[in-house]
Amino acid sequence: MNKISVLIVDADDTQRTLICESMRLFPSFYVSGACSNGLEAVKYINARAPQLLFIDTDLPGQNAFKVLANVDHVPPVIFTSRAEMHAIKAFEHNAIDYLLKPYNMDRLYLALEKYLKWYDITLMNGNLLYSLAKSELPSRILVENGRRLQSIAIHDITYFKAERDYTWIYTLDNHSYLSSFGIGSIERKLDNRFIRIHRSYIVNVEHIITLYKDISKLFVTLPNDVEINVGRNYLSAIKQLIF
């Protein structure tokens, strides 16, 4: 197995150095980079796509969850923090584990073992578990609407739009609903009727009306006069629809 690339993100110089030094004891991994703030992390993840992300929940500029909302692809994450309060939210964002500082080498080893088990399952089964989960998507879902949960048909959803740590859901009848889940969490629940065309947008393929190019940018049009720019890192998904 090739060594797994790891990005370390922590504002504390001592913590970054400590994790980098500790990772040398684990031959399956290598530290490909280290960042001290959220803005650096977003740029690095989009440019280098590390296979594993160690990130502290509290960062200057952008916290860990804003970082994950702004990257093109969310890698598996091991969160680190001095507080338990972010743990539930962490596991909604592709978390492999959540390490409370200060942690020892045994705890770090267990976290990396969890990642390797996840890696092996994904590699051996070719994302079979992920595909099975997607096939179970119901025909209707419940979304927040004021103090109630509103039932809407999956088919009627035209697109999803990220809004910081939340996601707007738009429907054919031009209604919108705000979900408390991030767009990455929502993407993992959807089936192949939906594709990510931008770090902030997921669209329903069944409702794409046209695809056109304006100078160097590509756009899709949807019902209700909606136009969305296709991100350059998502062009391959759109190209698969062209016959």
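Pairs please, first residue from region 202-218 and closer than 22 Å to residue 70 by Cα, second anywhere and part of a loop (DSSP other than H, G, I, E, B), Cβ atoms under 9 Å, 6+ apart in sequence or on different chains.
Sorted first by the residue in region 202-218, then by its partner, the pairs are 202/190; 204/193; 217/230; 218/230.
May I ask you to verify whether residue 55 is assigned by TED's automatic domain parsing to the domain that holds residue 32 and part of a helix (DSSP H, G or I)?
Numbers: assigned by TED's automatic domain parsing to the domain that holds residue 32: yes; part of a helix (DSSP H, G or I): no.
No: the conditions fail for residue 55.
Of all residues in region 136-151, which are under 16 Å from residue 193 (Cα atoms) and over 20 Å from the mean Cα position of the chain (by Cα)?
Of all residues in region 136-151, those under 16 Å from residue 193 (Cα atoms) come to 136-141.
Correct list: 136, 138, 139, 140, 141.
For the subset of region 138-178 comprising residues that are at pLDDT below 90 and among the hydroxyl-bearing types (Ser, Thr, Tyr), which member is farthest from residue 69 (Cα to Cα)?
That would be 139.
Among the residues of region 212-229, is there at least one that is surrounded by 18 or more Cβ atoms within 10 Å (Cβ to Cβ) and of a type in the set (Ser, Thr, Tyr)?
No.
Can you spot a residue in region 21-31 that is within 18 Å of residue 184 (Cβ to Cβ), hydrophobic (A, V, I, L, M, F, W, C) and outside any strand (DSSP E or B)? Before you say what the answer is, go through the steps one by one.
As a first pass, look at region 21-31 and keep what is within 18 Å of residue 184 (Cβ to Cβ): none.
So far as region 21-31 goes, no, none of its residues is within 18 Å of residue 184 (Cβ to Cβ), hydrophobic (A, V, I, L, M, F, W, C) and outside any strand (DSSP E or B).
Residues to consider are 47, 11; find the one that is among the small types (Gly, Ala, Ser), assigned to a helix (DSSP H, G or I) and closer than 30 Å to residue 198 by Cα. Before you say what the answer is, go through the steps one by one.
Details: 11 fails: assigned to a helix (DSSP H, G or I).
Going through 47, 11 in turn, just one is among the small types (Gly, Ala, Ser), assigned to a helix (DSSP H, G or I) and closer than 30 Å to residue 198 by Cα: 47.
The values are calculated or read from the model by the stated rules, or taken from the named source; none is laboratory data. Remember, predicted model here, so these are calculated numbers, not experimental data. Cβ: placed from backbone, ideal geometry, glycine included. Neighbour counts: every protein chain shown.
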